[in-house]
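S.K.: One structure is given below, represented as structure tokens, and several questions about it will come after.
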Amino acid sequence: MNQAAQNEAATLGQTPSSLDSMDGKEHGVIVEPALPHPPENVAIWCHDLSFRYREVEVFRNVTFHVHSGEFVVLTGKNGAGKSTLLKLVVGLLEPQQGQVLVFGVSPRRRIESIGYVPQHASFDPAFPIRVEDVVGMGRLSGLSYISKDQKRGDIEWAMEQAEVTDLRARPFSALSGGQRRRVLVARALVGHPRLLVLDEPTANMDIDSENKFFEVLARIKMGATILIATHDSDFVSELADTVLCVGQDSEHPHSVHRHAMEKAEDLPKDIYGSNMLRVRHDIELPDDACCEGKDP
Amino acid sequence: MISFFQAVMNPSVPFVRNALIGSVLAAFLFGILGSMVTVRRIAGLAGAISHTVLGGIGLALFLVSRGAPGWISPMLGALVFAILAAITISIVSIKAKQREDTVINALWAIGMSLGVIFMAKTPGYADPMSYLFGNILLVTQKNLYILGALNIIVLLLVVRFYRHIEAASFDEEFAATKGLPVMAIYLFLLLIIAVAIVMLQTFVGIVMVIAMLTLPAGTAGFFSHNLAGMMVNSSILALIFSVLGLILSWVFDLPAGALIVLIAGMVYIGISVGRMLQGRRSSKS
């Protein structure tokens, strides 16, 4: 059985041998061992992941997991692969080896459960669209038809969460950078996602906007798992439960490692809207460090 | 000389009535497809498809002159070339985005050159100019039926998939995370544009199709608040430009296609300059 079939088997909760029997092929013969299946309380399960863009290797045998309800910060230098990892998690990219599962299945089968805020807000400023219509896009699911009434309540709720209700009738192009990012968060929230993935949402944002943005995230943290990539690799918001460093280790540039954090109370509170946590790049934690006291 | 409106009502000159109906039907296609072309910024791509069409027309004329079966027509040749160009561009766009510009320009030049060479080798008189600039007065009843059908198909698709089209045009990456087949939508859009270009080039010619796919939509973009509004406004503008151009071409005995585009272009430039001056004045005060 090939790797893809094994991935699918793991996705469906079946063993490769059971699939072989279904196919009528080589009964009982397992060419490679089955991939492990994530526990139920795991939101993101990344096992033995390898990925490359043609000649450029990005990840090699990366394994980590994120528990449901956690606020996870992904740090790393520019070009380390943060955006690539997020795209693998939301299903925009497929791993060449290993598996990425979201709530136990492949991300493409969890469209409804994932909210995504992309990195570059490089939208055409001449595109005629109002805030409310941008937020409404979050309710789409494949080519199925959703009436305006069906999504009205969800749009109202999402705009309220992201504090953009007052902006609803404004053209998207007329908003400031911070307002646009909040609108995109509202768009990601419309489908009531269980996992919210944000790619450097505070890049080029002023301090006030950044504070407001993290206030919004603090509210959302109550109801969703959050995975956020950030350009600052030394300090993260106090909201963070876990920090994952991408390509931090020069000896292992294609890796993702869990690192320790400590309170940095000596620093001003004027960013992230709260105390900050200092990332201890010198203390690497085992992948199961987050599992203590959590039921499988 | 009888007036334009008398000519429209006169059954002995059906080509004037056909031209008017054709203009009305074309206006909706120009408005709807033009808005999608404009917001997606693929005007260059539509230009390449429309110019590739000349190669297909030339090949069909050449083959017919060499005894090919009668069902091979310039329109069929144009359609085949337009669809091939749309598929080629979309594959390049998906597989090698950085080569898109080169391929677009190459198709543009190769299509036109093939057309000129085939026409040069076709016995009798085949003037590329007539295909480049078109003649709205040559619209036939059959053309009108095909245009009408294309209008209905485009309208139905836009109404049913409006939100999906809007999302895929605004933010393709996000749309893909919501399970939208963004590449299929893109390919389908290019194919519809290719078919529409083949139909519309009869009216205003290959060169000017691209102008009518961008100018009314560009003008509508100045005062539209969403894509649907842009489609409606742009269709109304295309209708006004087309009918006005047709009437003036009748009155002043000028080529209709060129006149329609000239009116559309003047309105677009006029509004652009007006807004620029207005912006400067408000920034000074």
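The values are calculated or read from the model by the stated rules, or taken from the named source; none is laboratory data. Every value quoted in this text rests on a predicted model; they were computed, and no experiment measured them. Ideal geometry is used to build each Cβ from the backbone, glycine not excepted, and the neighbour counts take in all protein chains shown. Protein only, heavy atoms only, side chains kept; ligands, DNA and RNA dropped before computing areas. Shrake-Rupley method; radii C 1.70, N 1.55, O 1.52, S 1.80 Å.
S.K.: Report, by residue number, each residue of the stretch B:191-213 that is within 15 Å of B:Phe28 (Cα to Cα), crowded, with 24+ Cβ neighbours inside 10 Å and of a type in the set (Val, Ile, Thr).
M.R.: B:Ile193, B:Ile197, B:Val204, B:Val209, B:Ile210
S.K.: Right, another one. Sort through B:Ile247, B:Ile197 and tell me the only one that's touching a Ser or Thr at 6+ places or on another chain (Cβ under 7 Å) and among the hydrophobic types (A, V, I, L, M, F, W, C). Please lay out each step first, then the result.
M.R.: On the way: B:Ile247 fails: touching a Ser or Thr at 6+ places or on another chain (Cβ under 7 Å).
Sole residue among the options that is touching a Ser or Thr at 6+ places or on another chain (Cβ under 7 Å) and among the hydrophobic types (A, V, I, L, M, F, W, C): B:Ile197.
S.K.: Criterion first (within 14 Å of chain A (Cβ to nearest Cβ), open to solvent by less than 20 Å² (accessible area, probe 1.4 Å), under 29 Å from A:Val135 (Cα atoms) and not charged (D, E, K, R)) does B:Ala217 satisfy it?
M.R.: Criteria met by B:Ala217.
S.K.: Okay, moving on. Taking the residues in the stretch A:155-167 that are open to solvent by less than 30 Å² (accessible area, probe 1.4 Å) and under 25 Å from the mean Cα position of the chain (by Cα) as candidates, determine which candidate is farthest from A:Lys212 (Cα to Cα). Break it down stepwise before answering.
M.R.: The first filter runs over the stretch A:155-167 and keeps only residues open to solvent by less than 30 Å² (accessible area, probe 1.4 Å), leaving A:155, A:158-159, A:162, A:164, A:167.
Within this subset, residues satisfying the condition of being under 25 Å from the mean Cα position of the chain (by Cα) are A:155, A:158-159, A:162, A:164.
Details: A:Ile155: 20, A:Ala158: 16, A:Met159: 14, A:Ala162: 9, A:Val164: 11 Å.
The qualifying residue farthest from A:Lys212 (Cα to Cα) is A:Ile155.
S.K.: To continue, here is another question. In the stretch A:37-77, which residues are under 18 Å from A:Ser113 (Cα atoms) and among the aliphatic types (A, V, I, L, M)?
M.R.: The answer is A:Val42, A:Ala43, A:Ile44, A:Val66, A:Val72.
S.K.: Right, next: Do we have any residue at all in the stretch B:120-130 that's of a type in the set (Lys, Arg), in contact with a helix residue (DSSP H, G or I) (Cβ under 7 Å, 6 or more places away or on another chain) and away from chain A (no Cβ under 14 Å)?
M.R.: Let us first name the residues in the stretch B:120-130 that are of a type in the set (Lys, Arg), namely B:121.
Pick out the ones that are also in contact with a helix residue (DSSP H, G or I) (Cβ under 7 Å, 6 or more places away or on another chain) and you get B:121.
Imposing the further condition that a residue be away from chain A (no Cβ under 14 Å) reduces the set to B:121.
Yes, the stretch B:120-130 contains at least one residue that is of a type in the set (Lys, Arg), in contact with a helix residue (DSSP H, G or I) (Cβ under 7 Å, 6 or more places away or on another chain) and away from chain A (no Cβ under 14 Å).
S.K.: Let me ask something additional. Within the stretch B:66-86, can one find any residue that is of a type outside the set (A, V, I, L, M, F, W, C) and within 20 Å of B:Val182 (Cα to Cα)?
M.R.: Looking through the stretch B:66-86, none of the residues is of a type outside the set (A, V, I, L, M, F, W, C) and within 20 Å of B:Val182 (Cα to Cα).
S.K.: So which strands (runs of 3 or more DSSP E) are wholly in the stretch A:194-251 and hold at least 2 residues that are among the polar types (S, T, N, Q)?
M.R.: A:225-230
S.K.: Collect the residues in the stretch B:143-190 that are crowded, with 18+ Cβ neighbours inside 10 Å, farther than 14 Å from B:Met36 by Cα and at the interface with chain A (Cβ under 9 Å from one of its Cβ atoms), keeping them in residue-number order.
M.R.: B:Phe174, B:Ala175, B:Ala176, B:Thr177, B:Lys178, B:Leu180 - these are the residues of the stretch B:143-190 that are crowded, with 18+ Cβ neighbours inside 10 Å, farther than 14 Å from B:Met36 by Cα and at the interface with chain A (Cβ under 9 Å from one of its Cβ atoms).
S.K.: So in the stretch A:106-145, with the set limited to residues that are out of contact with any Lys or Arg (no Cβ under 7 Å at 6 or more places or on another chain) and acidic (Asp, Glu), which one is farthest from the other protein chains (Cβ to nearest Cβ)?
M.R.: A:Glu112
S.K.: Which condition does B:Ala27 not pass, out of (1) open to solvent by 50 Å² or more (accessible area, probe 1.4 Å); (2) among the hydrophobic types (A, V, I, L, M, F, W, C); (3) in contact with a helix residue (DSSP H, G or I) (Cβ under 7 Å, 6 or more places away or on another chain), if it passes all the others?
M.R.: (1)
S.K.: Specify which of the listed residues (A:Arg170, A:Arg187, A:Arg194) is open to solvent by 30 Å² or more (accessible area, probe 1.4 Å), within 12 Å of another protein chain (Cβ to nearest Cβ) and either within 27 Å of A:Ile44 (Cβ to Cβ) or not aromatic (Phe, Trp, Tyr) (or both). Steps first, please.
M.R.: Values: A:Arg187 fails: open to solvent by 30 Å² or more (accessible area, probe 1.4 Å); A:Arg194 fails: within 12 Å of another protein chain (Cβ to nearest Cβ).
That would be A:Arg170, the only listed residue that is open to solvent by 30 Å² or more (accessible area, probe 1.4 Å), within 12 Å of another protein chain (Cβ to nearest Cβ) and either within 27 Å of A:Ile44 (Cβ to Cβ) or not aromatic (Phe, Trp, Tyr) (or both).
S.K.: Further question: Kindly establish whether B:Gly134 is more than 14 Å from chain A (Cβ to nearest Cβ), open to solvent by 20 Å² or more (accessible area, probe 1.4 Å), in contact with a helix residue (DSSP H, G or I) (Cβ under 6 Å, 6 or more places away or on another chain) and in contact (Cβ under 8 Å) with a residue 12 or more places away in the chain.
M.R.: Considered against the rule, which asks whether it is more than 14 Å from chain A (Cβ to nearest Cβ), open to solvent by 20 Å² or more (accessible area, probe 1.4 Å), in contact with a helix residue (DSSP H, G or I) (Cβ under 6 Å, 6 or more places away or on another chain) and in contact (Cβ under 8 Å) with a residue 12 or more places away in the chain, B:Gly134 comes out as yes.
S.K.: Would it be correct to say that B:Ala238 is open to solvent by less than 30 Å² (accessible area, probe 1.4 Å), under 14 Å from B:Met212 (Cα atoms) and at pLDDT below 95?
M.R.: No.
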